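To keep things clear, I will list the structure first and then write my remarks on it.
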């Protein structure tokens with residue numbers, strides 16, 4: 001009789017969300033690894049007419065102050081995209097340390113902007129780069145990228161946290177793949193990454209969760225290093241050197257003359273085509289999972305009557321064994337009587353030998369009956385397991401169908417985006 005307890009493996013759910021404290025926070029803010037500060041518009045509070053305070057500019061400035069070596073005590077406690085008084089104080093502190101005009105105002109490529117970039121470049125030349133994540137293959141990185149893109153079109157995690165824990169506990173390659181996946185997901189959706197990590201920890205030991213956090217942080221740092229190396233040292237359409245002519249530090253920053261708008265790059269649809277391919281692969285995987293789950297349902301449904309038939313057969317064997325034991329006990333009693341009271345001496349001798357043989361047979365029959373009882377017990381337990389997992393399997397089928405619908409919707413959306421891109425090309 002085959003065992004069906006393994007059928008639970010593909011449909012296990014995240015039932016625990018264990019709040020185990022980690023020694024490090026894998027999603028802590030990272031220092032910008034040496035990328036120069038490039039403002040799109042002036043920022044500051046001193047001259048509100050000139051300052052536009054674009055949120056992305058302000059956030060880059062707040063991070064760049066740390067990269068430029070401004071002491072922690074003199075800068076805001078955490079990067080922000082709002083230019084407030086603490087950030088103005090930090091800018092003024094930097095200007096004062098570098099003997100610039102202390103006005104809390106920055107303009108693109110102005111004296112303060114250039115001083116920050118020079119400090120970043122100097123510190124970057126002395127910094128030890130973060131080590132890359134070992135045991136991560138290109139195929140695993142690409143698979144993670146496809147999965148992250150697919151997750152952006154859905155809010156359901158399904159069995160993903162369970163699969164992450166299984167991959168992580170399998171080998172070092174699985175550990176690297178899991179950490180890289182969390183790093184890529186955090187780059188696209190930080191809150192989703194935190195939720196998925198918390199669910200996956202429910203299936204992992206404390207040592208595994210601690211190792212996962214360290215590897216995830218290392219993966220994020222390595223990704224930041226790669227992004228910094230890919231970033232060109234200067235503006236792509238700026239033929240002049242980064243350092244401008246020396247300016248009078250007493251003069252306030254003046255906005256640059258408006259530059260000619262850069263030429264619009266020719267659109268290409270490689271990313272959209274890759275998204276369509278990934279969506280097709282996700283749909284194929286979802287359909288395969290549905291087929292597998294439906295097969296398990298079929299096996300379980302057919303296994304229940306088969307187990308019931310085996311139980312009925314064993315019940316008949318048990319009854320036959322009991323009847324055989326009763327008959328053997330009766331024959332033993334007759335043989336003992338003849339061995340003691342028969343008038344024929346030869347008959348008494350034969351009866352004694354027969355009694356001994358029957359007693360041996362009786363022990364064998366009792367052993368067989370006990371074995372059948374054990375088999376019966378195992379069959380009943382197997383039947384109970386099959387009845388318990390059948391509803392879970394049927395539920396998994398419905399979830400698999402929902403996953404297919406989501407994958408189909410994601411594929412249609414990807415095709416529409418690709419079509420729009422091709423029309424733009426035309």
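Bear in mind that the values in this text are calculations on the coordinates, not laboratory data. Because the structure is predicted, anything quoted here is derived from the model rather than measured. Every residue, glycine as well, gets a Cβ built from its backbone with ideal geometry; the counts of neighbours run over all protein chains shown.
Which values, in whole Å and largest first, are the semi-axes of the equivalent ellipsoid of the range 131-230 obtained as the square root of 5 times each eigenvalue of the Cα gyration tensor?
Three semi-axes, in Å: 19, 17, 12.
Rule-of-thumb check for the range 61-215: C-alpha Rg over 2.2 N^0.38 Å?
1.38
Counting only C-alpha contacts under 8 Å and six or more residues apart, can you give the relative contact order of the range 272-425 as a whole percent?
Across the range 272-425, relative contact order equals 48 percent.
Could you sort 86-98, 403-415 so that the peptide with the highest average Cβ count within 10 Å comes first and the rest follow in order? Could you put the intermediate results ahead of the total?
Working: 86-98: 19.0, 403-415: 17.2.
Those peptides, ordered most packed to least, come out 86-98, 403-415.
Would you mind computing the Rg to Rh ratio of the range 314-356 from its alpha-carbon coordinates, Kirkwood style for Rh?
Rg/Rh: 1.22.
Starting from the Cα coordinates of the range 272-425, work out the convex hull volume and express it per residue in Å³.
Each residue corresponds to 98 Å³ of Cα convex hull volume.
Once you have the Cα-Cα distance between residue 336 and residue 384, take 0.36 nm times their residue separation minus that, and quote the gain in nm to one decimal.
Full-extension gain reported as 12.7 nm.
Which shape class, rounded, prolate or oblate, goes with the range 89-177 when its Cα gyration tensor gives a ≥ b ≥ c as root eigenvalues, a/c under 1.5 marks rounded, and past that a/b bigger than b/c marks prolate? List each step's numbers first, then the result.
On the way: a/c = 3.88, a/b = 2.41, b/c = 1.61.
The shape class here is prolate.
Kindly provide the pair-distance distribution of the range 313-400 built from C-alpha pairs, with 5 Å bins from 0 and whole-percent values in order of increasing distance.
Spelled out bin by bin, the range 313-400 gives 3, 13, 15, 12, 10, 8, 8, 7, 6, 4, 4, 3, 2, 2, 1, 1, 0 percent.
Please compute the contact order of the range 131-230 in relative form: average sequence separation of alpha-carbon pairs under 8 Å and at least six residues apart, divided by the residue count, as a percent.
Averaging sequence separation for qualifying contacts and normalising by length gives 36 percent for the range 131-230.
Please report the equivalent ellipsoid semi-axes of the range 43-126, computed as sqrt(5 x eigenvalue) of the Cα gyration tensor, largest first, in whole Å.
The answer is 18, 14, 12 Å, longest axis first.
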